[in-house]
Structures are given as C-alpha cells and as structure tokens.
Amino acid sequence: MIRELAARILSISRRWKRVVLVTSDVLLLVLAAWASLAIRLDTFRLPGTMDNWFAILSAPVVAIPIFVGMGLYRPVVRYLPERAMWTTFQATALAVMAWVLVAFMAQLMWRGSLPRSVPIIFFALTCVLLIGSRFLAKWLISHLGRDVLVHRPSVVIYGAGSAGTLLALSLKSTHDVVAFVDDDPTLHRREVANVRVHPPSALPALLANYAVQQIILSMPSISAGRRKAVVSDVSRHGVKVQSLPGISDFVTGKYLVSQVREIEIDDLLGRSTVPPDLDLIRQMVAGKTIMVTGAGGSIGSELCRKISQWRPQRLVLFEANEFALYKIDRELAGNGDAAVVPVLGSVTDEALVRRTMGHYAVDAVFHAAAHKHVPLVEANALEGIENNVFGTKTVVDAAFAVGVKNFVLISTDKAVRPTNVMGATKRWAELIVREKAVEAAAANTGQKFCAVRFGNVLGSNGSVVPLFKDQIAHGGPITLTDPAMTRYFMSIKEAAELIVQAGALSKGGDVFLLDMGEPMLISELAENMVRLAGLSVRSVDNPHGDIEIVAVGKRPGEKLYEELFYDDAAAERTRHPKILRAAAASDDLQMQQKLDVLRSALHEADESLARSLLFGLVVEADVSVAGCPDKASA
C-alpha cells in the first residue's frame, strides 16, 4: 500500500507535487494553531469564539506566502538537505511573528484576546510538524519507495532559447529538468517548457536545493569569448558540465538536439575560429597526392583526417610506429574517395623516403615526424638530433630530388630562442628548409619549401592535458613545474586546418606563425580541468578540496614562457587573418658545412660537442634575423 502510494506520488509532475506539499502545510498549520489553543485552554473541543476561529484559519493564510518567499517549496523532497531545517525554522519564526501581528489587529477590531503563550506553543508545534513531515516523506520515498523509484538525474539547462527548449523537451523522459538559467532579464521568473527561468546569480541556490548533478550549456551560437566566460563561471560549482553542440553540427547532422557532449578544455580558450579558406585548401590538396610524415602522431593524424576530407587523389601515411600507423590507416580506410597508402619506416631512412615519394609521385609533403617531448629529448640529445635534424634533412633532400611541389615543416614556438635540445633541433629544421627553398629558387624549379610555427595543441601526445587528466582520474595531485609558467594553446583541429592553408600561401622559404591568441597560465589550465571534472581544488583557502596542485620545479631545458616571434613588428600579415609570415634568417649560414660537423659529432657519440654545435648555429641564426638583436632567454 505505502509502496504504491510512493510510486503514485513520484509519477506526478513537480507542479502538482508542490500543490500537495502546500496543501499538507495548510492542514498542518491549522492543526498546530488548533492544538496550541487547545493546550493553552486545556480543552480539545473546537473553539467556538470568532477570535479563536480567526486565529486558527489565519495561520496558513499568513504563513504560506512567507514559506513561498523563503523558498520552502523549491527543494525536491527526496533530495532535501539537512540545512533545510534551519530555513524552515527561520520561516516559521517569521510566520509566527506575522501571525501574532494579525491576531493583535483582530483583537483591536473584535476586542478578543490571544493568550501570550499560544504563539510560543504554535511555533514549537509548527517546527516539529513541518520539519518532521518533510524528513518523514524523504525517508519514506528513499526507503519504502526504493523499488519503484526510477533515478532521474537533476539537470539545470543554461540557456532558455529555442535550442534549450527543445533540449528540455527531449530530456524530460530521462532527466529531471529542474530549472533554466539565462542571462536575458526579460525571461527571468517566466516559464519555458513548464520550467522556471532563473538569473545566473541563482545558480548556487538551485544546485543546493535540487541536488543538481549536471549543468548542460545550451548556447550553440554564442561567441567563443562568451562561452569561455560562462564555462569558467559554471565549472567552479563542482558539478558535471556538458554542452549542446554548435549549430553547424546540427545542420550537418553530426548531432541531434537531444545529444550533449562533454565540455572540453578547448571551450576555455575563448578562441574565435575562422572558417577555412576553401580556395587555399583546394589549391593545396584537391586531386593531389599528399604525404604526411609522422602520420600516426597527434598533429600528423589530425592532418591526415582533415586532408582526407578535402578530396586528395592519394594520401600517403609515413610513420615509424607500427601501432600508430595501424590506427590511423584503419580509421581512414574507406573514408572518402582518396586512396590511403600506409608506409612503415623512419624519416632517417633516405632510400625508403625517396622511393616512397618517387613511386607515388607525391605533390606535397607535410613533415610532422619529430621527437617533441622536451625532457625526453633533453635526456636523449643525440637521438633527438638524429631524428629532428637529419630526419628533416633527409625528407627535404628527397622532396627536392623527386620534384615535390610543396613542402611544409611542422615547427614549434620552442624553436624561438631555444633553451632545450628539442627547440634547437626544430630551429635547425627551419633553417634546413629555408636553405632548400633558396636552392629551389636559384634552380628555378618552382618548388616551395616553408615552415609553420605554433605553440601547444590541446590533447597532443606528451602534452600536459592528458597528463592532468590521468592525475585527476587517480585523485591527484596535479604536478606543475611552476605556477607562473605560461604557454600558447590552440585546438588540434584548428592547427591542422591552418597548417594546410599556410602551405598554400608559401612563396618559398617562409616561416609562418599561427595566431595563438594570448598565452595561458598552466596553473589556470589545471584548475579549470579539475572544475570541469566536477571536483574542487584543494588549497589553503579550501583545505577539504578534492585535488591538490603541487609545483615541482622547472624541468631541464624548460622556460617560463614561450615566444612565437623573434620580432613582433617584423611579422607580415597574409590573406588569412590567423596566419602571419615571420622575418627570415640570412642566406649565408653555410648549413651543409655545419651539418657535416654535427654528423661527425653524432658518429663519435660526442654529446657535449653536438650540443655546442647545435646551440652555436642557433645563436648565429638568431642574430641574423632581420631587425632582431639577440635577446636573453627566459
């Protein structure tokens, strides 16, 4: 019987549940008023005088509006927090004071009297009955109704527009949509899809009163900057945050309106992306044979995904890691009309590289193969030089020899005034490409060689994002090298698109710089990731937080901040607003002679000499950059 009653109560709408709760409170208030008079007058007969009847019936009339105003009917009973007792206590005290005032006014009119002890008795009985009834109902639903209770996660939807309305309607069968939150003041206190709309300032109270388990952002068409601000604000509340996909994803059919995605760290960058220039894409890719070295890496694999969508004739995947090659080949197999050719091998294998380019008549090469992890390359300097410097030299020479029309080197901001081996090897790679461009121009071959330099991409192999995710999953702590360390960040998808377009802009010998926006504190990134996981940061101000962030000191070769430019003023604009062209080094660095000496140092395994040669050329090249005096490294 009780279980059936619990099932019936749980099946009705929230509006009718509130009606039941208000009706119950009216009856309890009448009972409390009658009982307080009966106890004081020592009789349990119904009072016959007009002033007693007025006192009894006025109790709910006075109290219910006060209860509504103080939010006693906002919390869901089965999620009722313990602190609701204090709120009920305060509301009852206020209601008793108002009731006494009304009774006093009645005395003046009817010359009746209300015994002074009645309000005290009424207050005590009301507290017991109201608090007791609520927690009894909570216990009954939680225990006796356990078998019939279907768990429906409580959800707040941020954004009460058309997309939010459709989302609320689609979620009602599986979720308890407790409220909308919206910035538009004209919507506040109104109902959309039978759900009340609240201002953002009400979010903490909503989360507490309704035991909200997730917030869904329904703002598919707002600017990236506004999305960053909203995500930062919402994620600090310690609940799961998800997002409705963008309008473009609905149009293309990638998502349905009932589908949401996890909030990604990309949403916190606040970057406004620019649609790709399709003319540049077609010029570089359409109908051509494209080769990507390092095709199984994070940048290389995303390049392959993008390129395969733009109708190349053939896509050659060149990769030294067997499993990484298998994964990207399997992913791309059958996607689009382009033939996908997996080639297993190292970029230091000159014969294989040249044979592959010649056999498949490669038109463009994107050279993404490199050792990029700063501490590992620092600890294995000779291998880093062999792969990053001489591997690049091998691929560049092969591309020139077989007549590849476009060559694009994937470089890094760590190549600017480098303090580590990885950055220095990438600077050498830029200079090798520059030298080959000069050679191609002198020979009038029409070939174009360029480099594209950018900062960190979120989620790439070896980056801090996967590391932080793993540390959060294990309960922390998150390890930072330095709280003041900053880095440039962009999404891996945006980087891949811009790399291809930069290649089409090449005149030969260019170093392109991708607009990375403003640098971001690594500590801020870590805090945001903790909050996006629905957790809190443990600190001096919050000693009971979930995840601690610990500074462990800079690693060998690391800088506090990275730079994209040697000289900001010397950078040129291109036809694409997110792509700049950097000032070039002079052409007389005698690269071949220096490469021969460096090769000799590698053969002799003389790491000290190799490091000296590596950084010596970098200093010489840095000084030669037009308009850029040598500066101290950070």
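The values are calculated or read from the model by the stated rules, or taken from the named source; none is laboratory data. What you see is a predicted model; the values in this text were computed from it and never measured. Quick reminder, even Gly has a Cβ in these numbers, built from the backbone with ideal geometry, and neighbours come from all protein chains shown.
What to note about this one:
- Condition met for Glu302 (in contact with a Gly (Cβ under 7 Å, 6 or more places away or on another chain) and buried (at least 17 other Cβ atoms within 10 Å of the Cβ)): no
- Within segment 300-326, the set of residues being under 21 Å from Gln283 (Cα atoms) and among the hydrophobic types (A, V, I, L, M, F, W, C) comprises Leu303, Cys304, Ile307, Trp310, Leu315, Val316, Leu317.
- Out of Thr394, Thr419, sole residue that is of a type in the set (Val, Ile, Thr), over 22 Å from Gly300 (Cα atoms) and either in the same structural domain as Val365 (by TED's automatic domain parsing) or over 38 Å from the mean Cα position of the chain (by Cα) (or both): Thr419
A quick yes/no check of all residues on (1) of a type in the set (Ser, Thr, Tyr); (2) modelled with pLDDT of 80 or more; (3) touching a helix residue (DSSP H, G or I) at 6+ places or on another chain (Cβ under 9 Å); (4) buried (at least 24 other Cβ atoms within 10 Å of the Cβ):
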{"site": "Cys450", "(1), (2), (3), (4)": "no, yes, yes, yes"}
{"site": "Ala473", "(1), (2), (3), (4)": "no, no, no, no"}
{"site": "Thr481", "(1), (2), (3), (4)": "yes, no, yes, no"}
{"site": "Thr486", "(1), (2), (3), (4)": "yes, no, yes, no"}
{"site": "Phe512", "(1), (2), (3), (4)": "no, yes, yes, yes"}
{"site": "Asp515", "(1), (2), (3), (4)": "no, no, yes, no"}
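- Those residues of segment 154-171 which are over 20 Å from Val239 (Cα atoms) and part of a loop (DSSP other than H, G, I, E, B), in sequence order: Gly161
- Taking strands (runs of 3 or more DSSP E) as the structural unit, those lying wholly within segment 389-463 and holding at least 1 residues that are more than 22 Å from Met357 (Cβ to Cβ) correspond to 448-453, 456-458.
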